[in-house]
Amino acid sequence: MYKVLFAMLAVASLIGCAETRKVMGEDVKKTDLHACPATGTAIGDVPSCGKVWKIASGYGQLSPEGDLEVEVKGLVLNDTSTGDSNGTPDGVDGVAAAVVCHGVSGMKVGAQTDVVPLSKTGDATIKGKVSVPADCMSPVIVVRERYEGKVKGWLAATGM
């Protein structure tokens, strides 16, 4: 558990944090989310988005006890090739938050929440309790799309 917390704090200190607060006596950092640039960059075993996205604001937060909270505002396409769908979530109707862990076998999803609805303006709040593996190092929180009924690539992430 302390390895996970230490790794989270190390990552958060490198990329900047919006807020720090105490949870069960431990520091928890609220870390900004950054939108997927559609460069084909997978995060561990989570594939990249297919188009460029933008986010007005958002954060991810994971406590040592596995309390995961993610909020996105204005998570929409930023790709003129999508025509009238640009500036909307298009066919993405829901999102899930995944914790991608660095481990001995590479970067893999260690835990994931259930899917919550994504509004037509790209807003969603995800709150859940996840069971993060004890060997999870330097976790990255990714917001995954539900498109055509399937959870697929990432649209926003911490640490990018």
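Read the figures in this text as sums done on the coordinates, not as results from a lab. Just so you know, these numbers come straight off a predicted model, no measurement behind them. In this analysis, Cβ positions are derived from the backbone assuming ideal geometry, glycine residues included, and neighbour counts consider all displayed protein chains.
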**Message:** Using the Kirkwood formula on the Cα atoms of segment 96-156, what hydrodynamic radius do you get, in angstrom to one decimal?
**Reply:** 12.3 Å
**Fill in**
Rounded to the nearest whole number, the Stokes-Einstein translational diffusion coefficient of segment 33-150 at 10 °C and 1.306 mPa s (Kirkwood radius, C-alpha pairs) in µm²/s is 109 µm²/s
**16 Å cut-off, amide nitrogen to a point 7 angstrom out along residue 84 Cα→Cβ, residues in segment 118-146** = none
**Asked** Which loop GluC sites (Glu not before Pro) in segment 57-160, with loop taken from DSSP, have no more than 11 other Cβ atoms within 10 angstrom of their Cβ?
**Response** 148
**For residue 123, residues with placed amide H under 5 Å, excluding near neighbours** = 74, 75
**Fill in**
Checking rank on 37-44, 150-157, with mean other Cβ inside 10 Å and highest first, the result is 150-157, 37-44
